[in-house]
Number of protein chains: 4
Amino acid sequence: MSQYRVLIDANDEKGLVHKVSTVFYQNNLNILSNSEFVDRENNKFFMRSVVEGDIALDKLYQLINEVMPQNANIEVIAPKNKNIVIMATKEMHALGDILIRHEAGELEANILAVISNYSDLESLVGKFNIPFIAISHVGLDRDEHENKILECMAEFNDIDYIVLAKYMRILTPKFIEVYENRLINIHHSFLPAFIGANPYKQAYERGVKIIGATSHFVNNNLDEGPIIAQEVIHVDHAYGWRDMQRSGKDVEKVVLSRALKLALEDRIFVYANKTVIF
Amino acid sequence: MSQYRVLIDANDEKGLVHKVSTVFYQNNLNILSNSEFVDRENNKFFMRSVVEGDIALDKLYQLINEVMPQNANIEVIAPKNKNIVIMATKEMHALGDILIRHEAGELEANILAVISNYSDLESLVGKFNIPFIAISHVGLDRDEHENKILECMAEFNDIDYIVLAKYMRILTPKFIEVYENRLINIHHSFLPAFIGANPYKQAYERGVKIIGATSHFVNNNLDEGPIIAQEVIHVDHAYGWRDMQRSGKDVEKVVLSRALKLALEDRIFVYANKTVIF
Amino acid sequence: MSQYRVLIDANDEKGLVHKVSTVFYQNNLNILSNSEFVDRENNKFFMRSVVEGDIALDKLYQLINEVMPQNANIEVIAPKNKNIVIMATKEMHALGDILIRHEAGELEANILAVISNYSDLESLVGKFNIPFIAISHVGLDRDEHENKILECMAEFNDIDYIVLAKYMRILTPKFIEVYENRLINIHHSFLPAFIGANPYKQAYERGVKIIGATSHFVNNNLDEGPIIAQEVIHVDHAYGWRDMQRSGKDVEKVVLSRALKLALEDRIFVYANKTVIF
Amino acid sequence: MSQYRVLIDANDEKGLVHKVSTVFYQNNLNILSNSEFVDRENNKFFMRSVVEGDIALDKLYQLINEVMPQNANIEVIAPKNKNIVIMATKEMHALGDILIRHEAGELEANILAVISNYSDLESLVGKFNIPFIAISHVGLDRDEHENKILECMAEFNDIDYIVLAKYMRILTPKFIEVYENRLINIHHSFLPAFIGANPYKQAYERGVKIIGATSHFVNNNLDEGPIIAQEVIHVDHAYGWRDMQRSGKDVEKVVLSRALKLALEDRIFVYANKTVIF
């Protein structure tokens, strides 16, 4: 018995569910879970099914492909650990949360390496027997620095996702393009409020009563990619901006780990700079 | 073009989605939304579809009935205002919230009447041109009082739901049986904590840091029916029990109105003393 | 026995608590609650005490004034219903929530009138025996329209607060200046995200996973005054912008009523475009 | 310049704030923060001040002691790392969160050791160079096992708090008495709902829509001590009990770390089986 995750998006038309479910039925597959959504404004259909049965992945893909319209995107995925690289700078909370979850066996992921532009985190990462690669940006311009990172990445096969666990440098469009929809960032603010540098200071100065964090895929513009997850906490006048920052860390790590889990479980569709999440 | 809500629950078996979606496809129905869930522990299948097309309700029911297994429960519903009766005692917040929503056209409901064992709320209800019926319990035993209410209810045709908007008397099993899965209660506590009288005082004495409210269908035991919605708020040591009660009212009205909306939109399945909500 | 709320803000210096508490002690006043906060960045001290005892308001004010530094702002307030005017446009939810709370005796307020630029809400307001005044903006420029509203306001004595319960027109600086720190607005967005028109559509297009509402005092710029209260709810891809709007209403009314209650209980200090709330 | 945390609780009477603030003023102490609360039902006064100035701890204690009533409890504390021992069983999430926070320098604590009745966590703890002590319960009755733990604890000087980070065995009253109000537990449920074993299964079977976790001091009865912090998350019908357990872990670790931080910063008063938290 094999288990597959089937992800389909297509322009909406009558009969899509019928056609896919007929494939499942005729091949004696058990549907473990099934989610559908139609964005009526964009006339777009999304479906994620988890099925179980006695069929090869290629065969299942082919059968679905035959009945779906040409415009459809179809993925049939056998669950297995995905390969991730984590990029970080100096802060420990978001990275540490992922390391502990990985150690506890909570993540469907192999952590290939942690790459940082500083070496502060080397000791933490080393504890977990995960390669730590420091690639300093000092004395390099942005392109040179990124090229060194890209070269380093190129030595790993099949990186499924790169997790920016408080990586504090802006990535260039060139870098982002290579890993489109595979770069998961945590932005230390409730986007789209307080885009840019030091959002906690901005939040403090605005006198907000709630702060938050946003995890999103990175697009050309660092703060404007498709949002995966957001969370908030209440604050009050007694919070200075450093207090907000401290409390914000707890939200940041929760939101990033939640987004990573959704990605690893193939639950996210990206379209129109937004996400559909099942 | 007609719109229907199709609700199906059945013992799970292969092909259920296939069979229903084939009916939709062959009859040229447009699927506006579609939700499924399989409770694998109880081997139970749930499906709610909203479809649009050119078919009579009876015909659609019949076609689905033909392809579904005998054990299936099938409902095909044309959206229309449901008939509700509200029961209350003296408190205004939960009732008032429903009245305002009704006045604003937010609820798919006709309010047939408000019944209370006191007359305190008569003035409020009267403002909205809704019949207010006081049925005092004074001098009556529980059965006599309930019989008077049941007689009163009997004069209305087709009551879809009875909303207990802080009705502070315990209902007997006899009453409950008549309106099984149609009695929506708001319990002023985060069930199953603080079952019974004065939960805010209980919560205060226990020193909890969160209080909440629970809306549920009423079963034999007043506080133990299937839960529809719950919500909470944070409190601290500065809240006396009356403060908790005051703050709790805001949660109570939100939760009751949310549960009522779910019921009016035919989004709730009840089974095994639990709910599946799409 | 009289009860007073004492509000003091001043440049911070040693001995402020000592001096005020000495006045309370020497005059045999009972401290029912006491809150202090020092904004260390701005070197600013805030204190709110509720005291009970046998002393005249003027006398208490004078005694505190004698011991406080010259720069201090001192208020001594005997709790009583405050006078409010509500401005609205067409939507019922925020206004309705205030009307029900007022009817239930939850608000320390007299509602002098509801003013709207349309007459849609006349029927609702009339039910509660509160004057409804329609002042249409049709055919008037902004100044002319506001002048008519100001004239109308001028006929009421002692307006403590004006509540903008989804009043959908922009107020001019001239109007705002008259009622500085007394205009309480509900902005249908989690400020500072989505400033301006149709924030729900903006939020939908950005694909956010959380929406919110903000209540704030109105300054020159409609969306940028001191924030009093904020709240959020989670949404997902299945929410179209109208769904967000519908769900947002529930947050809007909760947040506005919360802010109003804080104002009526004299719990808000305004400074540096922020609030301190005890 | 020294900084002190001053904690006072006493039967309420007029002049307490006056007397303490006079001591601060006369000794030229700067008040960095100041919180007071009077429980009017129990006539009990609580005060926590953080002060800064040029005075010895003993001297400050003595001066406050002189002006306070005999029934007062007075603590004057110089902030420094507290000594904690963590007890755990097999689960990694709550312990891991504390270890990462400790590593990041977020906690005012020295972790003296982690004690477990299994050795599963030895590898994790070892990474952080913290002593791991396995004390198996196999073949021992409860008293014998606890005696071994107590003997082990006795070798550490000055344990301020023992953190039960998912320690899954019930402690006897004898053990608890030794560390009264110093044993911080995380209960994997929103107390007082689902007291006892496997609360997630209980929650699943009850069909709740919210689950939570509670951190509390341990009293005689494991689940009934003073509550320090609680948090919740929403769940729905699609959550089996193992899903609830998995999601619950995220809440558990957040709540336990929050409670520990409050304790380490001397922000908690315990009385009447409740907490006052500043």
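The values are calculated or read from the model by the stated rules, or taken from the named source; none is laboratory data. Everything numeric here is computed off the predicted structure, so don't read it as measured data. Quick reminder, even Gly has a Cβ in these numbers, built from the backbone with ideal geometry, and neighbours come from all protein chains shown.
General observations
- Within the range C:154-169, the residues that satisfy the criterion of being within 22 Å of C:S215 (Cα to Cα) and either in contact with a helix residue (DSSP H, G or I) (Cβ under 8 Å, 6 or more places away or on another chain) or among the charged types (D, E, K, R) (or both) are C:I159, C:D160, C:Y161, C:I162, C:V163, C:A165, C:K166, C:R169.
- Qualifying residue in the range B:76-95 (condition: among the aliphatic types (A, V, I, L, M), farther than 26 Å from A:V38 by Cβ and part of a helix (DSSP H, G or I)): yes
- D:L95 vs. criteria facing chain A (nearest Cβ under 10 Å), within 22 Å of D:I159 (Cβ to Cβ) and touching a residue at least 60 places away in the same chain (Cβ under 8 Å): yes
- Of all the numbered requirements in (1) outside any strand (DSSP E or B); (2) within 25 Å of C:N27 (Cβ to Cβ); (3) of a type in the set (A, V, I, L, M), D:I55 misses one, and that requirement is (2).
- All positions within the range C:183-199 that are surrounded by fewer than 23 Cβ atoms within 10 Å (Cβ to Cβ) and more than 16 Å from A:G207 (Cα to Cα): C:L183, C:G196, C:A197, C:N198
- Residues located in the range D:193-212, provided they are farther than 21 Å from B:I228 by Cα and touching a strand residue (DSSP E or B) at 6+ places or on another chain (Cβ under 9 Å): D:I195
- Taking the range A:124-135 as the range and being touching a strand residue (DSSP E or B) at 6+ places or on another chain (Cβ under 9 Å) and either assigned to a helix (DSSP H, G or I) or farther than 17 Å from D:L124 by Cα (or both) as the test, the residues that pass are A:L124, A:V125, A:G126, A:P131, A:F132, A:I133, A:A134, A:I135.
- A residue that is under 25 Å from B:K274 (Cβ atoms) and either charged (D, E, K, R) or surrounded by 18 or more Cβ atoms within 10 Å (Cβ to Cβ) (or both) can be found somewhere in the range B:51-67.
- Test result for A:R242, farther than 27 Å from A:V50 by Cβ, surrounded by fewer than 23 Cβ atoms within 10 Å (Cβ to Cβ), out of contact with any Lys or Arg (no Cβ under 6 Å at 6 or more places or on another chain) and at the interface with chain C (Cβ under 10 Å from one of its Cβ atoms): no
- C:E13 vs. criteria within 14 Å of chain B (Cβ to nearest Cβ) and acidic (D, E): no
- Which listed residue, of D:K261, D:K249, is in contact with a His (Cβ under 6 Å, 6 or more places away or on another chain) and more than 11 Å from chain B (Cβ to nearest Cβ): D:K249
- The single condition from (1) of a type outside the set (A, V, I, L, M, F, W, C); (2) buried (at least 17 other Cβ atoms within 10 Å of the Cβ); (3) assigned to a loop (DSSP other than H, G, I, E, B) that B:Q70 fails is (2).
- Selection status of B:D266, acidic (D, E), surrounded by fewer than 21 Cβ atoms within 10 Å (Cβ to Cβ) and within 13 Å of the chain's Cα centre (by Cα): yes
- Filter result (surrounded by fewer than 19 Cβ atoms within 10 Å (Cβ to Cβ), within 14 Å of chain B (Cβ to nearest Cβ) and either in contact (Cβ under 8 Å) with a residue 40 or more places away in the chain or in contact with a strand residue (DSSP E or B) (Cβ under 7 Å, 6 or more places away or on another chain) (or both)) within the range C:107-122: C:E108, C:E122
- Meets criteria (assigned to a helix (DSSP H, G or I), touching an Asp or Glu at 6+ places or on another chain (Cβ under 7 Å) and of a type outside the set (V, I, T)) for B:L150: no
- Residue in the range C:153-172 that is under 29 Å from B:V251 (Cα atoms), at pLDDT below 95 and either more than 14 Å from every other protein chain (Cβ to nearest Cβ) or in a strand (DSSP E or B) (or both) present: yes
- Flag for C:V235 being more than 9 Å from chain A (Cβ to nearest Cβ) and within 16 Å of C:I162 (Cα to Cα): no
- Taking the criterion of being in a loop (DSSP other than H, G, I, E, B) and either more than 30 Å from A:Y239 (Cβ to Cβ) or modelled with pLDDT of 95 or more (or both), the residues of the range D:8-40 that qualify are D:D12, D:E13, D:K14, D:G15, D:N27, D:N28, D:L29.
- Of all residue pairs spaced 6 or more apart or on separate chains, those with beta-carbon atoms under 7 Å, a first member in the range A:188-214 that is under 22 Å from C:F217 (Cα atoms) and a second member that is of a type in the set (D, E, K, R) and part of a loop (DSSP other than H, G, I, E, B) are A:K209/A:D236.
- Residue check, C:Q70 away from every other protein chain (no Cβ under 14 Å) and either in contact with a helix residue (DSSP H, G or I) (Cβ under 7 Å, 6 or more places away or on another chain) or not acidic (D, E) (or both): yes
- Candidate set: the range B:217-227, residues that are more than 8 Å from chain D (Cβ to nearest Cβ) and in contact with a helix residue (DSSP H, G or I) (Cβ under 8 Å, 6 or more places away or on another chain); chosen: the one modelled with the lowest pLDDT: B:N220
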